[in-house]
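Structure first, commentary second.
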Amino acid sequence: MATTGSMMTSIRKILGDPNGDFANDNTIYDWLNRGQGQFCQNVLALDEIHDYPIVAKQSRYDLPSTCIIPIWIQWYQSRVAKLEYTPPNLWARVEERNPSATGTPDRYTVIRNQLLLGPQVPTTSSKTHLGSGAMTTANTTISLATTPIFRSKGFIKVDSEVIEYTALATTTMTGCARGLHGTTAATHASGVTVTQIDLQMLYRRTPAVIAATSTVPDIPLVYHDHLEMYALYLGWLARGDSEKAKAAFELVTQGEKDAKKIVGRRSMDGLLKIQERKHSWYGW
C-alpha cells in the first residue's frame with residue numbers, strides 16, 4: 001500500500017530534488033491534498049455512513065466535520081423509513097405542521113452544520129443494555145447482561161465503535177461485523193453500555209487531509225499514480241517549467257477520462273455539486 005512517504009520519494013526524484021530543498025514535506029502535502037480533492041471532485045466522490053443513537057424529544061444532531069452534504073437519511077426506530085429532504089428555507093413550514101409533536105419524523109434538513117428532524121420529534125431514546133464480559137477486537141459474538149429489547153438485527157454503538165449484528169437470541173448477539181462506518185474495532189470492558197442505532201446518514205465527505213509521511217491517501221490505491229502525476233504538474237508549474245507542467249497536466253486529464261469510464265460519475269442527487277461550493281478548501 002503506497003504511503004505519502006513513498007510518493008514523496010518518487011515525486012522528488014522526478015523533479016530532480018531528492019533532498020527536498022525545493023519540494024519540502026509541507027509543499028508536497030499541499031500538492032497531494034489538492035490532487036486528491038480534484039480527483040474526488042471530477043471522478044470518484046467519497047461517501048461514508050454516520051450512525052446516530054436517538055435522544056427523546058431531540059430534533060437536532062451534529063453533522064460529522066467531514067460532511068459535505070447528506071445523500072439519504074434512514075430511520076429505524078418503530079419502523080424503517082427513508083426521510084425526505086426539505087430545503088432550509090421551507091423548514092419553518094414543516095415545523096408549523098406539528099409544533100412540539102412527538103412521534104416518528106419523516107423529513108429532514110441541514111441548518112448550521114446540524115441535521116434537523118421533523119415535523120415530529122422522536123418519542124423515545126434509543127434502547128441501551130449493558131455488555132456481559134470483556135470484548136476483544138476479534139469477537140463476533142457479543143453477550144449482554146439482560147435479555148435485550150433490541151431489533152432482531154441491526155447496528156449498535158459500543159463506546160465509539162459501530163458494530164453490525166445479524167442475529168439476536170436471548171442475551172447473545174451474533175454475526176457481528178466490527179469497526180464499521182469509519183470507526184475502529186476496539187476492546188471493551190465488561191459492563192460497557194451497548195446502544196441501538198436508530199438513525200443512519202449516508203453522506204458525501206471530504207477526503208482525509210494528508211499531513212504525515214505514514215498517511216495513505218483516501219482515494220483507491222489504483223489511482224495513486226494519478227495523484228503523483230497531479231503533484232508533479234503542480235511541482236513543474238511552481239518551478240516555472242511550463243512545458244513539463246503542460247505534459248503532466250495532459251496526463252492528469254487523460255487519466256481522469258480513463259477513470260471515469262471505469263467508475264462513472266456519481267450523482268449528487270441534484271442537491272449540491274462539490275465544485276459549486278463558493279469557497280473550496282483546495283483553492284480552486
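Bear in mind that the values in this text are calculations on the coordinates, not laboratory data. Not measured: the values here are computed from a predicted model. For neighbour counting, all protein chains shown are included, and Cβ atoms are generated from backbone atoms with ideal geometry for every residue, glycine included.
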TODO: Return a whole-number percent for the relative contact order of the chain, with Cα pairs under 8 Å and 6 or more residues apart as the contact set.
DONE: 27 percent
TODO: Return the lysines within reach of Lys153: Cα separation strictly under 22 angstrom, same-chain partners fewer than 8 residues apart disregarded; answer none if there are no such residues.
DONE: Lys82, Lys127
Open item on the list: Within a 10 angstrom radius of the beta carbon, how do Val94, Val80, Val162 rank from fewest other beta carbons to most?
Closed with: Val80, Val94, Val162
Task: Radius 15 Å from Cβ of Ile111, net charge of other residues (Lys, Arg +1; Asp, Glu -1) - done: +2
Open item on the list: Let's see if you can work this out: charge +1 on each Lys and Arg Cβ, -1 on each Asp and Glu Cβ, no other charges. What is the dipole magnitude of the chain about its Cα centre, in debye to the nearest 20?
Closed with: 760 debye
Task: Helical mean residue ellipticity (222 nm; -39500 (n - 2.57) per DSSP H run of 4+; nearest 500) of the chain - done: -8500 deg cm²/dmol
- [ ] Report, ordered by chain and residue number, the aspartates and glutamates lying within cross-link reach of Lys246, taken as a straight Cα distance under 19 Å and ignoring same-chain residues fewer than 8 apart.
- [x] Asp225, Glu228, Glu256, Asp258
Open item on the list: Helix 224-239 against the longest principal axis of the chain: what's the angle in degrees, Cα atoms only, rounded to the nearest 10?
Closed with: 50 degrees
Open item on the list: Using only the alpha-carbon atoms, how far is helix 4-15 inclined from the longest principal axis of the chain? Give it as 0 to 90 degrees, nearest 10.
Closed with: 20 degrees
Open item on the list: Tell me the angle of helix 25-42 to the major Cα principal axis of the chain, expressed in degrees between 0 and 90 and rounded to the nearest ten.
Closed with: 70 degrees
